[in-house]
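S.K.: Here it is, the structure in full.
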Amino acid sequence: MATTCRIGSSSSAISTSSAVSASSSPSLSKRPSSSTCCSYPVVRNDLKWSSKLSFCKAVAETSALSIKMQKSTAAGPMTTMMVSAPVKRGVDVQFDTKVFKKEKITLSGRDEYIVRGGRDLFPLLREAFKGIKQIGVIGWGSQAPAQAQNLRDSLAEAKSDIKVKIGLRKGSKSLIEARAVGFSEESGTLGDVVETVSESDLVLLLISDAAQADNYSQIFAAMKPKAVLGLSHGFLLGHLQSNGQDFRKDISVIAVCPKGMGPSVRRLYVQGKEINGAGINSSFAVHQDVDGRATDVALGWSIALGSPFTFATTLEDEYRSDIYGERGILLGAVHGLVEALFRRYTEAGMPEEDAYKNTVEGITGVISKTISTKGMLAVYNSLDEQGKKDFEIAYSSSYYPCMDILYECYEDVASGNEIRSVVMAGRRFQEKEGLPAFPMGKIDKTRMWKVGERVRAVRPEGDLGPLYGFTAGVYIALMMAQIEVLRKKGHSYSEMVNESVIEAVDSLNPFMHARGVAFMVDNCSTTARLGSRKWAPRFDYILTQQAFVDVDAEVPVNKDLIGNFFSDPVHNALEICSKLRPTLDIAVTADADFVRPELRQCTKSFSS
């Protein structure tokens, strides 16, 4: 008996010059169903090649909206998620500011409060940082170089005499890089870790998560009473909770968490010197406030980084959504997804270069660009009729398998299991207990990523890749499943949209387009790299073993699931958040001196 392998038709791959539709949600009129299959030649843009691939002639009919979604299993239909407003936490996050303007926005029927950024607010930094004479930035990893330089530049523009000082361990290789961007021992802006912590009124602890877990006692002991501890990730809280520990009670504890990696934070800040408010959105949290200053210090920090808007969260919600997001659509899941699709396409006869273009290039290029500026529905609306059918088949088959892994991942993070895994992995980087060191190896030497190098080497400037319906369906199913888990776990729409959509399409994917997903997996934060290596294979396997099996078996499209995608309230939330987005898109270039050294190896530039 012949095996049918559906990967998408020729008409669903369109050239990048095609206009991207901005129309509203698609018609929900009924579509006829058929089980008749036929063969289509698969053509990618102007590269004419064909392979006798079997495709279903049509998809199962799509009915009018239904809130209830069902998944068919061997035991029968299983009622699962319902589209609804986020589950409220015991106490919704509230904040008051004496310095900045708090603004109410309504996201899908829920009121939330934000603070808009902008360079016109820099004069207020002196008031927000009142009583602070030195900001100590500890570490020089992904976030620290960007944050230290942005703070220094913003304070200088505000005519503030607050010193920004870098604290690094003796003999650190990063001393050279810190000196190269203007920090020095002679000026008192570069020093030892403990010395810098003990002198500073605001201590930004930006060393790796594993290093925080191993060194927090020393950091806490060195801090002045009533000083402010600043974090850009809630990981340390999760680690302390899992060990029955807590922060010192005589210090304030805040967080400002940019929704993008450090190079993006710096890149957009520098690019945006002529665009007021350009930058990367941030969340902020106040965990402890010993003297009533913590909220304004946190908001001042965020505005000084160049955040277009800052939304409130809790430190616990932040680390849960952030670590989960890194393992999901931001890195781990997209890594597993493109590996699974590339293998599927090539096994079906698609040339390697075209398979790469129809996976990585499309996701990090045209799909991300469209979502960033017009939303997820616009991706669907941009497809021709066959492309829409391929999208629906892929979305319907992939949504629940992706949610299966995402649900497990979230609970592993919330329970502390994932945090403990990161800490233990960090300790295996060095020899111990008579066993050798096991640092992370690179993944970019395998066939797929070598193909990517060839594709990028000849890629025209500004080419965003093809919009391929099947790929788009799998990717957006993953994105929507990630959002649904966050919604059911009680996160705000601001957090859902920023962690699952904006950070992906506006920060990480542009860098992936410039260098490939593998490069990002090999060069981002330690916690994210570990998470990607652990969870990417899970997404790869479940898509291959469940989603694509359903596609080949011609399991009918879940009509309710597609209807709920069209009507999901997250689209409204994303539209409102997009209006708060500056007009400037991030551009990644090879010679950008504010990009981390390993990213300067890029041979192409990309503007999302």
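The values are calculated or read from the model by the stated rules, or taken from the named source; none is laboratory data. Keep in mind it's a predicted model, so treat the numbers as computed, not measured. Here the Cβ positions follow ideal geometry from the backbone for every residue, glycine too, while neighbour counts run over all protein chains shown. Surface areas here come from the heavy atoms of the whole protein model, side chains and all, with no ligands, DNA or RNA. Shrake-Rupley method; radii C 1.70, N 1.55, O 1.52, S 1.80 Å.
S.K.: For the pair LYS579/GLN546, report the inter-label distance in nm, with labels modelled 7 Å from Cα in the Cβ direction.
M.R.: For the pair LYS579/GLN546, the computed spacing is 3.8 nm.
S.K.: In addition: In whole angstrom, note down how far apart the Cα centers of region 181-225 and region 426-498 are.
M.R.: Computed from Cα coordinates, the inter-centre distance equals 31 Å.
S.K.: Just the number please: accessible area per residue for region 350-472, 1.4 Å probe, all protein chains included, in Å².
M.R.: 38 Å²
S.K.: Output the pairs from LYS488/LYS559; LYS133/LYS259; LYS133/LYS489; LYS226/LYS579; LYS224/LYS489; LYS259/LYS488 with a Cα-Cα distance over 30 Å in this structure; if there are none, say none.
M.R.: On the way: LYS488/LYS559 22 Å; LYS133/LYS259 27 Å; LYS133/LYS489 40 Å; LYS226/LYS579 38 Å; LYS224/LYS489 37 Å; LYS259/LYS488 21 Å.
Distance filter (> 30 Å) returns LYS133/LYS489; LYS226/LYS579; LYS224/LYS489.
S.K.: Accessible surface of VAL93 in the full protein assembly, 1.4 angstrom probe, to the nearest 10 Å²?
M.R.: Spelled out: VAL93, probe radius 1.4 Å, area about 40 Å².
S.K.: For ASP404 and LYS273 in one chain, what is 0.36 nm times their gap in residues minus the Cα-Cα distance, to one decimal in nm? Write out the running numbers ahead of the final one.
M.R.: Values: separation 131, 0.36 × 131 = 47.16 nm, distance 4.33 nm.
Contour length minus Cα-Cα distance gives 42.8 nm.
S.K.: Ok, one more. At a Förster distance of 45 Å, what's the computed FRET efficiency of ASP161 paired with ASP246, Cβ-Cβ distance as r, to 0.05? Walk me through the intermediate numbers first.
M.R.: Working: r = 34 Å, r/R0 = 0.76.
After rounding, the FRET efficiency stands at 0.85.
S.K.: Give me D for region 352-494 in µm² s⁻¹, whole number, from Stokes-Einstein with Rh from the Kirkwood sum over alpha-carbon pairs, 10 °C and 1.306 mPa s.
M.R.: In µm²/s, the coefficient rounds to 88.
S.K.: Ignoring ligands, DNA and RNA, please state the percent of accessible area on region 84-212 from carbon and sulfur, probe 1.4 Å.
M.R.: Within region 84-212, the accessible surface is 52 percent carbon and sulfur.
S.K.: Also, I was wondering about something else. Taking all protein chains as present, what is the carbon and sulfur share of the accessible area of region 340-426, in % to the nearest whole number, probe 1.4 Å?
M.R.: Here carbon and sulfur together make up 48 percent of the probe-accessible area.
S.K.: What dipole magnitude, in Debye to the nearest 20, does region 437-596 give about its Cα centre under +1 on Lys/Arg Cβ and -1 on Asp/Glu Cβ?
M.R.: Dipole of region 437-596, to the nearest 20 debye: 580 debye.
S.K.: Then there is this: Between ASN572 and LYS173, 0.36 nm times their residue separation minus their Cα-Cα distance comes to what?
M.R.: On the way: separation 399, 0.36 × 399 = 143.64 nm, distance 4.65 nm.
Answer, rounded to one decimal: 139.0 nm.
S.K.: How much accessible area per residue does region 188-239 have, counting only protein heavy atoms and a probe of 1.4 Å, in square angstrom? Walk me through the intermediate numbers first.
M.R.: Working: 1480 Å² over 52 residues.
On a per-residue basis, 28 Å².
S.K.: Roughly how many whole Å is it from the C-alpha centroid of region 555-576 to that of region 114-162?
M.R.: Cα centroid of region 555-576 versus Cα centroid of region 114-162: 40 Å apart.
S.K.: How long are the three semi-axes of the equivalent ellipsoid of region 467-522, in whole Å, if each is the root of 5 times an eigenvalue of the C-alpha gyration tensor, listed from largest down?
M.R.: After scaling each eigenvalue by five and taking roots: 22, 15, 9 Å.
S.K.: Same structure, new question: At 0.36 nm per residue, minus the direct Cα-Cα distance, what do SER421 and ASP96 gain on full extension? Give it in nm, one decimal, please. Don't skip to the answer; put the middle values down first.
M.R.: Details: separation 325, 0.36 × 325 = 117.00 nm, distance 3.68 nm.
Roughly 113.3 nm would be gained on extension.
S.K.: Let me ask something additional. Determine by what factor the alpha-carbon radius of gyration of region 419-501 differs from 2.2 N^0.38 Å, reporting the quotient.
M.R.: 1.68
S.K.: Continuing with this model, one more query. When only Cα pairs under 8 Å and 6 or more residues apart are kept, what is the percent relative contact order across region 314-380? Please report the intermediate quantities before stating the final value.
M.R.: Working: 22 pairs, mean separation 10.6, N = 67.
Relative contact order comes out at 16 percent.
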